[in-house]
Amino acid sequence: MVTRVNVVAFLFMVSIAAAGAQTKQLELLKDESSITYRIVHPLHEIEATSKDATYQLEIDPVKKEIVSVAATVDVMTFDSGNSNRDSHAMEVIDAISYPEVSFVSTSVTQSGDSLKVLGKLTFHGVTQDIVAMAKSQWSPDKIEVRGGFVLSLTAFKIERPSLLMIPVEDALRFTFAAAWKL
């Protein structure tokens, strides 16, 4: 009888611990989410934004921690405000052959509201490890995350476009903002 009570008590405690450790996937608030790239040439800077990125977020609601994140964006949805420039950018990255950029986290380290997200980014048919730094803000009804990362065009086998025979910088800078409903 004592052994049976101990087993029942042990199973009860394990089930409570497991319930507290469960994670939850959240619904993206698409109208509050975007990703922007910035590329620099000595004569000017170009920014283009997509409001069509899809972000998946998994959290531990008990600890108020982000467990994992994934993102996908169709490269054709970036808009710089100049359709000729956007068309040329799609030629440079061969958007027909490589229509999406995707990211999947491999680890998320959280310290207060600061996040360090390591993961695999696939762009132009090449997958590379990247590090994104971000800040999270939790409110009673949503989580917001803002951050950025930099990638090398040449590391992703993209020829740097030139203007007046001067190529753009190799660094392609991304900033992102995303919000999810709690």
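Candidates Thr36, Ala171, Ile66 compared by Cα position along the dipole of the chain: farthest toward the positive end lies Ile66, with charges placed on Cβ. Approximating the spin labels as points 7 Å out from Cα along Cα→Cβ, the Ser97-to-Gln25 distance works out to 3.2 nm.
Rounding to the nearest 10 and keeping the result within 0 to 90°, find how far the Cα-based axis of helix 2-20 lies from the longest principal axis of the chain. Computed tilt is about 20 degrees. A straight chain from Val150 to Lys63 at 0.36 nm per residue would run longer than the Cα-Cα distance by 28.4 nm.
Using 29 Å as the Cα-Cα cut-off, could you pick out the over-long pairs in Lys30/Lys120; Lys51/Lys135; Lys30/Lys157; Lys64/Lys157? Too far apart for the 29 Å limit: Lys30/Lys157; Lys64/Lys157. Compute the label zone of Leu182 within segment 37-60: residues whose backbone N is under 11 Å from the point 7 Å along Cα-to-Cβ. Of the residues in segment 37-60, none has backbone N under 11 Å from the label point off Leu182. Separation of segment 85-129 and segment 55-72, taken as the distance between their Cα centroids, equals 18 angstrom. Here the extension length gained between Arg173 and Lys120 equals 17.5 nm, from 0.36 nm per residue of separation less the Cα-Cα distance.
By the helix-only formula, in which each DSSP H run with n ≥ 4 contributes -39500 (n - 2.57) and the sum is divided by residues, the chain has a 222 nm mean residue ellipticity of -5000 deg cm²/dmol. Run the Debye formula on the Cα coordinates of segment 13-151, all scatterers equal and no solvent, and tell me log10 I(q)/I(0) at q = 0.09 1/Å. For the requested q values the scattering log ratios are -0.33.
Only the coordinates and a few stated rules stand behind these numbers; no lab work does. The shown structure was predicted, so the numbers you read here are calculated from the model rather than taken from an experiment. When we count neighbours, we look across all protein chains shown, and the Cβ atoms used for this are built from the backbone with ideal geometry, even at glycine.
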